[in-house]
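First comes the structure, then the notes that go with it.
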Amino acid sequence: KGLLNKTRDRVGEMKSRYDNGLTKIRETQVQVDEMKKYLIELQPQLEVATVETDKLLVRIKADTEVADKQKAIVQKDEDICKGQAEEANEIKASCEADLAEALPALDAAVKALNSLKASDFDELKGMKVPSAAVVMVMTALCPMMNVKPIKVKDPNGGSKKVDDFWEAAKGKEMLGNGRELLKKMLNYDKDNMDPHMVEVVSKQTANPDFNPEYVAKGSVACAGVCKWIKAMMIYDRVAKMVGPKKIA
């Protein structure tokens, strides 16, 4: 009886497992059937999607070829731009090198003018016998202020009259109105100087004696004017070189 009971229990457990297995098989069969049905329904959609995907791949290939061509064009433009940028930087460096000569001289000239007073010009005007250096500076300043020389008898004799810039410089357009003269010099239109005037004045400034140290021996005020005139000529020369470079 004991053996029979054990055998019944074992057989019962085996039957239970068998029943559970059958249940799982039935459930799985239902799921498989549903999946088959879903896949059958999905098949037309997959076929349509495959066709669309093939078309998309063709379009992507064509777009990629266009993009590669555009990339080549852009790369070429980039190389050109890079070359232009390098050239522009070279021009910029050249401009800065040129201006390095003019700007310090210009700053020094402005400082020299700021140190002058209207009374300094009154002092110059009052000179009965100006030094050669003072006359030289006034001879250069008159054309810059558009003051024409006065015709006087040639001190060396002769019937012809000669140009006297010193007498012209003492007029109201220059030393006769020191305050206004200083104002004109400080606000001088250095970017639009007349080429002929620059040529005339440059001949004066080319004289080795046309330097502030030498002129200061005759007049400290006139030395400041001398420094300003030289700076204006340097600025004009540099501006003519820098102008085309700035445009470039």
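The values are calculated or read from the model by the stated rules, or taken from the named source; none is laboratory data. Bear in mind that the values here come from a model prediction, so they are computed numbers and not experimental data. As a convention, Cβ positions derive from the backbone with ideal geometry for all residues, glycine included, and neighbour counts pool all protein chains shown. Keep in mind that these areas ignore ligands, DNA and RNA; they rest on the heavy atoms of the full protein, side chains included. Shrake-Rupley method; radii C 1.70, N 1.55, O 1.52, S 1.80 Å.
Below are the figures for this structure:
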read-out: Nitroxide proxy distance, nm - points 7 Å out along Cα→Cβ at V30 and R8; value: 3.4
read-out: Test item: Cα-centred dipole of the stretch 110-237, Lys/Arg +1 and Asp/Glu -1 on Cβ, debye; value: 220
read-out: Accessible surface, per residue, of the stretch 151-236 when the full set of protein chains is kept, probe 1.4 Å, Å²; value: 58
read-out: Alpha-carbon centroid distance for the pair the stretch 22-44 / the stretch 222-241, whole angstrom; value: 100
read-out: Partner lysines for K37 [C-alpha distance under 23 Å; skip if fewer than 8 residues away on the same chain]; value: K24
read-out: Trypsin sites (Lys or Arg not before Pro) lying in DSSP loop within the stretch 1-65, provided at most 15 other Cβ fall within 10 Å; value: K1
read-out: Cross-link pairs K125/K190; K117/K148; K92/K184; K61/K82; K76/K240 - those with Cα-Cα distance over 27 Å; value: K92/K184; K61/K82; K76/K240
read-out: Extension gain (nm, one decimal) between E86 and E180, 0.36 nm per residue minus Cα-Cα; value: 29.1 nm
read-out: Loop sites in the stretch 62-136: trypsin sites (Lys or Arg not before Pro), DSSP, at most 13 other Cβ within 10 Å; value: K117, K128
read-out: Nearest-0.05 FRET efficiency for N211 and E167, computed from C-beta distance (R0 25 Å); value: 0.50
read-out: Two-site FRET efficiency, H196 against D79, from Cβ-Cβ distance with R₀ of 30 Å, rounded to 0.05; value: 0.05
read-out: Charge dipole of the chain about the Cα centre (unit charges at C-beta), most positive-ward option of Q29, S94, P143; value: Q29
read-out: Spatially proximal aspartates and glutamates relative to K183 (Cα-Cα < 14 Å; intrachain offsets below 8 disregarded); value: D120, E173
read-out: FRET E, pair A93, D189, Förster distance 22 Å, beta-carbon r, rounded to 0.05; value: 0.20
read-out: Sulfur and carbon atoms: percent of accessible area, the chain [1.4 Å]; value: 56
